[in-house]
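Since the structure comes first, as structure tokens, the remarks are kept for the end.
Please treat every number below as a calculation from the coordinates, not as lab data. Predicted, not measured: the structure shown is a model, and the values here were computed from it. Methodologically, a virtual Cβ is constructed for each residue, glycine included, from the backbone with ideal geometry; neighbour enumeration extends over all protein chains shown.
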Amino acid sequence: MCSHARDDDQHPKMIRDGILGADGLPRRHGKFQLGPGMPSLSTTQFAWNCAGDAEGQKIIFRLVVDSNRLLELAEFIICNTVREMEAPVFALFPNILPVGPLISRPRLDHKPMGHFWPEDATCVKWLDEQPANSVIYVAFGSFTVFDQRQLQELALGLELSGRPFLWVVRPDLASETSVAWLDSFRERTAGRGKMVSWSPQQPVLAHPSIACFLSHCGWNSTMEGAWNGVPFLCWPYFTDQFLNQVYICDVWKTGLSLNADDEGTEISRELIQAKLQQLLGDEGIKARAMMWKDIARKSVAEGGSSYNNLQTIVEKMTGQKG
């Protein structure tokens, strides 16, 4: 996401201004804007401050600092986003060239590069049997881990929703998993639920039966959802995913966020049910998701912003005009 590059590039100034310490941790709390038109952010939302533990924060912050030193050597920076989706950032930093969304054409007989889990393509045939705009798609990427209680609350929230759902349940999705409990849940919801260990996500999100995406808000998932005009229910886990949620919910207004209960430890089944009902009943969110879908697809079509940026890169690299 382009905004992360800009947050990270600004960190020396934020240290001088007393917003962050030299270790990247917040010294001043509250929200602020990095530039005109950009969303208001909290210092706790920077990627390194959402790494889960102190050691992870140090590692990611050091990686950011080292990467930014190398960026000084770059003639321009390429990123997987759409100019129109983050316009204020590009106005502030014109040397960044967005060329996204970088979406491969969905094919069930082809495994996209960078996908390491075996895909269960039977879920697409299952989607064929579901009504249009009816299915909740639930997937949390490769790294998200729940404790067993939270995993059960998620399952029960899906059950309470009364909606058909497709849920990607990796073998390591929970720190402790009761196989018997999941088998019981699978049996109870067999008439309207499908659980797989991994899915071919791009064909799934492109399927007409999908109504919304309950997601960790990883950037690839965010771009794939935007490409297909799918509303989001956001449940970020770590690093950049919290800022991605800000864009989805507050800037593009194509989704809703899930927040833990008053004790800050758990997202309840009742909240999951309520948020799904709210999301799926909001025609404005769906309309905006379709609007951004149109913008994203125009950006990579001939004459679009991403298309033109890619042409510029090719010309720079080859020394030839297109």
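Okay, here's what the table says:
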| quantity | calculated |
| --- | --- |
| Additional length obtainable on full extension of the chain from PHE143 to GLU302, 0.36 nm per residue less Cα span | 53.6 nm |
| Total formal charge among the other residues, if their Cβ is under 13 angstrom from that of LEU97, Lys/Arg +1 and Asp/Glu -1 | -1 |
| Nearest 10 degrees, 0 to 90: helix 54-71 Cα axis against the chain principal axis | 40 |
| Distance between modelled label sites at GLU283 and ARG28, nm, 7 Å Cα→Cβ extension | 4.5 |
| Inter-label distance, nm, simple model (7 Å from Cα along the C-beta direction), ILE78/ARG188 | 4.9 |
| Nearest-ten-degree value, helix 283-300 long axis tilted from longest Cα axis of the chain | 50 |
| Contour excess over end-to-end distance, with Cα ends at ASP172 and LEU156 and 0.36 nm allotted per residue | 3.9 nm |
| Range in the chain, longest, excluding exposed GluC sites (Glu not before Pro) [loop by DSSP; at most 10 other beta-carbon atoms within 10 Å] | 177-262 |
